[in-house]
Amino acid sequence: MLGRAYLSNGGPLCQEFEGRLAESLGVAHCIAVCNATVGLEIAAMALGLTGEVILPSFTFVATAHAMSWVGLTPVFCDIDPKTHNLDPAGLEALVTERTSAILGVHCWGRPCDVESIGDFAKARNLRVFYDASHAIFCTRKGRPIGGFGDLEVFSFHATKFLNTFEGGAITTNDPEVAERVRCLRNFGLKAPEMTIGVGTNGKMSEVSAAMGLTNLEACDTFFAANRRNYDIYREELSGCEDVRLIDYRESERNNRQYVVAEVRDRDRVWNGLKDRGIGARRYFFPGVHQLEPYANSSHHIRGPLPETEALCSRVLALPTGTRISPEQVREVCQAIREILAN
Ligand SMILES: *Cc1c(COP(=O)(O)O)cnc(C)c1O
């Protein structure tokens, strides 16, 4: 790569990475970006959004911030407690004449109800796009995440299932959207001396793409480790009434990146684990609607979000991945049982 002296600007490694991803996700277009947050900003601009965008509050703050950063108003929808995803039943009450889109988040890689969201949006002439940061190599009814809505945005941050140090990708089957995304990623340039309007710098560097290509080859190993860890957690915590692990459907593919539990007395467990040097995360906590600049703002909060708040108070993401051994997973489970027994 260094010998070739092609370090960025859609070089050969970036193109190869995009091509591999498009093929494995079954989408026509994949545009790699520098991170998912900038990807979401580019997405909103590419879709020509205005006014308000409806999205869940149970997500990472970047989902909402990306919309705010491009001058849109995030409006928070409650979630379905069974799936942790945006509840389509809550949409109707939130639509105003300013609404231009719905932004779903495939939380833990478990897909949104894309059929209901899509039908709702179509009937009201709204755009639909997804924050698929968690959802690389996950499916909805057997179809890979990546081809739903007008476009989807993945994150390849160091903490995600597939990592390029920092990075992301926008996938779509719409050639016009893809062309706009490509221009916006590169300063709005359509040709060397011609812009379509304001653009940003959202390009993925060659070193990130190289990391992505290498990690693509290791995905089976990552998946096997995650799967093994999840199964141990499931078995070890099965008798523990105060801890409920989220389920993954056997009929869908999921990268199992997250071992998430709903825990009674969550903060006691979280603190107890911290005292033993075990880094579980309160993820997501607090709800984005409780963070600035959204907290207590009627621009963003149009009604109570009881399911989001209840889940934020219970949720705990447990350590997993290739860097934790089966023995250590059992130790975490033992620690949880001890904390809850005291
Ligand atoms: C990680 C994450 C992001 C941000 O991704 P970056 O690539 O770090 O910008 C956005 N949304 C969700 C749901 C995430 O988990």
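Odds and ends about this structure:
Residues are listed down the side, and each one gets a yes or a no for (1) outside any helix (DSSP H, G or I); (2) open to solvent by 30 Å² or more (accessible area, probe 1.4 Å); (3) out of contact with any Pro (no Cβ under 8 Å at 6 or more places or on another chain); (4) within 16 Å of the ligand (Cβ to nearest atom):
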| site | (1), (2), (3), (4) |
| --- | --- |
| VAL153 | yes, no, yes, yes |
| LEU162 | yes, no, yes, yes |
| ALA169 | yes, no, yes, yes |
| ARG182 | no, yes, yes, no |
| VAL198 | yes, yes, yes, no |
| MET211 | no, yes, yes, yes |
| ASN215 | no, no, yes, yes |
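- The listed residue being more than 25 Å from VAL260 (Cβ to Cβ), under 19 Å from the mean Cα position of the chain (by Cα) and open to solvent by less than 40 Å² (accessible area, probe 1.4 Å), out of CYS30, CYS77, CYS14: CYS30
- Count of residues meeting criterion [assigned to a loop (DSSP other than H, G, I, E, B) and either within 12 Å of the ligand (Cβ to nearest atom) or more than 17 Å from GLU307 (Cβ to Cβ) (or both)] in the range 96-111: 5
- For the range 283-300, the candidate set comprises residues that are among the small types (Gly, Ala, Ser) and under 20 Å from VAL315 (Cβ atoms); within that set, the residue that is least open to solvent (accessible area, probe 1.4 Å) is GLY287.
- The C-beta contact set for the range 120-135 (first residue within 16 Å of the ligand (Cβ to nearest atom), second residue open to solvent by less than 20 Å² (accessible area, probe 1.4 Å) and of a type in the set (S, T, N, Q), distance under 6 angstrom, 6+ apart or interchain) comprises ASP131/THR63; SER133/SER155.
- SER297 passes every criterion in (1) under 18 Å from the mean Cα position of the chain (by Cα); (2) of a type in the set (S, T, N, Q); (3) part of a loop (DSSP other than H, G, I, E, B) apart from (1).
- Per-region count, the range 55-74, residues within 16 Å of the chain's Cα centre (by Cα) and either under 16 Å from ASP150 (Cα atoms) or buried (at least 21 other Cβ atoms within 10 Å of the Cβ) (or both): 10
- For the range 267-282, a residue qualifies if it is open to solvent by less than 20 Å² (accessible area, probe 1.4 Å) and either part of a loop (DSSP other than H, G, I, E, B) or not aliphatic (A, V, I, L, M) (or both), and the qualifying residues are GLY272, ALA280.
- Selection status of ALA93, more than 23 Å from ARG180 (Cβ to Cβ), assigned to a helix (DSSP H, G or I), at pLDDT 95 or above and more than 15 Å from the chain's Cα centre (by Cα): yes
- Neighbours by Cβ (under 6 Å, 6+ apart or cross-chain): first from the range 153-180, over 15 Å from CYS14 (Cβ atoms) and assigned by TED's automatic domain parsing to the domain that holds ARG143; second surrounded by 24 or more Cβ atoms within 10 Å (Cβ to Cβ) and among the charged types (D, E, K, R): VAL153/ASP131
- Residue within the range 87-106 that is open to solvent by less than 10 Å² (accessible area, probe 1.4 Å) and of a type in the set (Ser, Thr, Tyr) present: no
- You will find that of TYR248, TYR233, the residue that is of a type in the set (Ser, Thr, Tyr), in contact (Cβ under 8 Å) with a residue 12 or more places away in the chain and part of a loop (DSSP other than H, G, I, E, B) is TYR248 and no other.
The values are calculated or read from the model by the stated rules, or taken from the named source; none is laboratory data. Since we're looking at a predicted model, the values are computed, not measured. Reconstructed Cβ throughout: ideal geometry from the backbone, glycine too, with neighbour counts over all protein chains shown. When the accessible area is computed, the model is the full protein with side chains, heavy atoms only, and any ligands, DNA or RNA have been set aside. Shrake-Rupley method; radii C 1.70, N 1.55, O 1.52, S 1.80 Å.
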